[in-house]
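Student: Handing you this structure, nothing more for now.
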Amino acid sequence: MIHSPVGLVVARLLSAALALITSPLIARAIGAEGRGLVAAATTALMILPVVLAFGLPWAVRRRCSVDDDPCSVIRGARWLALFTFVPGALFGLLLRYTLLSDLPHIAGILFVIGLSLTPMVVIRNCQISLLVVEHQYFRIFLVTVCQPAVYFAAIVAMSVSGSLTLTAVICSYVGSVASSFLMTSRVSPISWLGSRVRWAPLAREALSASGAQISEIASYRLNQMILLPLIGGAALGNYAVAANIALAPAPIGHALGAVGFKDMASGTEASRRGSLEGSMKAAVWLAALSALLVSVIAPFIIPWAFGKEFTAAIPATIVLALGGFFVICNYVLTSGLVAQGETSRASYAHFSGFIVGLIALFALSLPFGLMGAAFASLLGFLATAVVASIFSKVGIALWLPRVASFKAAFSMILRK
């Protein structure tokens, strides 16, 4: 099964499951306030490397789909990725002494080191793009699971030994990033020496796609940094739990976008259109089912796993589960735009959602707290869906689940 596109879903869901297991361990060890601080720090470690990559992994994915020598694309991307070291380190220092000034001294140092590893993250993501094009789903599974597995093992070990602290959590996360890079180099061994594509065209294409990738990750994660001063660490801890659970099925969209990417990038206009519509029909069904499942289990799993301190996260989880429906479908739509060279339109779609979500975040989170933040995220995801549908010429009818597409949805994600 993990040799098919569903392997991407299994890998991401397993990653999410490991995160859900470690989350209550961390929350119980350091409390809601510390959980909020950890959420802000790990969010920065997650999104800034994506932002500083300026769309390079997206550009690499498209170039590898159409170029005869994808290894030369990877080599060119690697050298470009090295330029992210300096801004990564500088952002680490800036955040350490501003938003994250409450971090313990050693944790702050580790945080800066983590952002200095930005080139590793960018190179890893570029090589994953090649694996997606080549349909190497088992290798993607290994790379995707490596980081959360290492992080999980470290957190559990320290929890059992009674040494789980905020500093230990940051250390574990940084170590997991390095291990993921090493695993990627192992499963996708491409020499640094040899032919490579010219940097300038690749950089231009990356910049064109950067808005899509930056706005996407910002829409899903940046709010956890912004919310810290708006609603406080305790409420942010609840929001982080809600987001982790509600957006756990998002990899379904990643898998559907990956399996159809090459078909959406090449062939006749009719075949590209057919691939997009087929992926979208599957996404609507699977997204609706996952949103329903999350809404049903959230009231039971949150108090059991996290304790009564986090019961406030339940209604926020249900709201974000509806947002998760749009997240899955949006990924398919924007993948189609990028595959067809419409990277700027993909950027506009995600940027529109980001701006709407950001405005709503300030407007709703201050008076309504946690629930206001959840509804703000939902509005942002919905805005992206509207703009992406317009650019992709996807009508309302395609957003409605069709009985005839139910079986095809599962067949698409299970095919090899």
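The values are calculated or read from the model by the stated rules, or taken from the named source; none is laboratory data. Predicted, not measured: the structure shown is a model, and the values here were computed from it. Note: ideal-geometry Cβ built from the backbone for every residue, glycine included; neighbour counts use all protein chains shown. Heavy atoms of the whole protein, side chains included, go into the accessibility calculation; ligands, DNA and RNA do not. Shrake-Rupley method; radii C 1.70, N 1.55, O 1.52, S 1.80 Å.
Student: In segment 99-112, which residues are open to solvent by less than 70 Å² (accessible area, probe 1.4 Å), out of contact with any Ser or Thr (no Cβ under 9 Å at 6 or more places or on another chain) and assigned to a loop (DSSP other than H, G, I, E, B)?
Tutor: Those that are open to solvent by less than 70 Å² (accessible area, probe 1.4 Å), out of contact with any Ser or Thr (no Cβ under 9 Å at 6 or more places or on another chain) and assigned to a loop (DSSP other than H, G, I, E, B): 100, 101.
Student: May I pose another question? Would you mention how many residues in segment 113-127 are assigned to a helix (DSSP H, G or I) and either open to solvent by 30 Å² or more (accessible area, probe 1.4 Å) or charged (D, E, K, R) (or both)?
Tutor: The total comes to 4.
Student: Name the residues in segment 304-317 that are farther than 12 Å from residue 242 by Cα and open to solvent by less than 60 Å² (accessible area, probe 1.4 Å), would you?
Tutor: Selection gives 305, 307.
Student: Is segment 364-387 home to any residue that is within 22 Å of residue 255 (Cα to Cα) and modelled with pLDDT under 85?
Tutor: Within segment 364-387, none of the residues are within 22 Å of residue 255 (Cα to Cα) and modelled with pLDDT under 85.
Student: While we're looking at this one, here's another question. Identify all residues within segment 128-139 that are of a type in the set (A, V, I, L, M, F, W, C) and open to solvent by less than 10 Å² (accessible area, probe 1.4 Å); write none if there are none.
Tutor: Across segment 128-139, the qualifying residues are 130, 131, 132.
Student: Going through segment 32-90 one residue at a time, which ones are over 21 Å from residue 343 (Cβ atoms) and touching a Pro at 6+ places or on another chain (Cβ under 6 Å)?
Tutor: Selection gives 82, 85.
Student: Which of the residues belonging to segment 201-239 are farther than 17 Å from residue 125 by Cβ, surrounded by fewer than 24 Cβ atoms within 10 Å (Cβ to Cβ) and modelled with pLDDT of 75 or more?
Tutor: 201, 204
Student: Could you check, for segment 34-43, whether at least one of its residues is within 17 Å of the chain's Cα centre (by Cα) and open to solvent by 10 Å² or more (accessible area, probe 1.4 Å)?
Tutor: Yes, because at least one residue in segment 34-43 is within 17 Å of the chain's Cα centre (by Cα) and open to solvent by 10 Å² or more (accessible area, probe 1.4 Å).
Student: If you don't mind, another one. I want to confirm something. Restricting to segment 327-358 and keeping residues that are in contact with a Leu (Cβ under 7 Å, 6 or more places away or on another chain) and surrounded by fewer than 24 Cβ atoms within 10 Å (Cβ to Cβ), which single residue is nearest to residue 288 (Cα to Cα)?
Tutor: Step by step, filter segment 327-358, then rank; the result is 356.
Student: Which condition number in (1) within 29 Å of residue 73 (Cα to Cα); (2) under 16 Å from the mean Cα position of the chain (by Cα); (3) at pLDDT below 75 is the one that residue 3 fails?
Tutor: The failed condition is (2).
Student: Can I ask one more? Here are 168, 157: which of them is among the small types (Gly, Ala, Ser), surrounded by 19 or more Cβ atoms within 10 Å (Cβ to Cβ) and in a helix (DSSP H, G or I)?
Tutor: From the options 168, 157, the qualifying one is 168.
Conditions (1) closer than 30 Å to residue 66 by Cα; (2) in contact with an Asp or Glu (Cβ under 6 Å, 6 or more places away or on another chain); (3) of a type in the set (A, V, I, L, M, F, W, C), marked per residue:
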residue: 327; (1), (2), (3): yes, no, yes
residue: 330; (1), (2), (3): yes, no, no
residue: 360; (1), (2), (3): no, no, yes
residue: 371; (1), (2), (3): no, no, yes
residue: 380; (1), (2), (3): no, no, no
residue: 384; (1), (2), (3): yes, no, no
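Student: When residue 59 is evaluated against the numbered criteria (1) open to solvent by 10 Å² or more (accessible area, probe 1.4 Å); (2) modelled with pLDDT of 80 or more, which criterion, by number, is the only one it fails?
Tutor: (1)
Student: Give segment 53-90 a look and list any residue that's out of contact with any helix residue (DSSP H, G or I) (no Cβ under 8 Å at 6 or more places or on another chain) and not in a helix (DSSP H, G or I), or say none.
Tutor: Of everything in segment 53-90, those that are out of contact with any helix residue (DSSP H, G or I) (no Cβ under 8 Å at 6 or more places or on another chain) and not in a helix (DSSP H, G or I) turn out to be 68, 69.
Student: Among the numbered criteria (1) open to solvent by 10 Å² or more (accessible area, probe 1.4 Å); (2) touching a residue at least 40 places away in the same chain (Cβ under 8 Å), which single criterion is violated by residue 361?
Tutor: The failed condition is (1).
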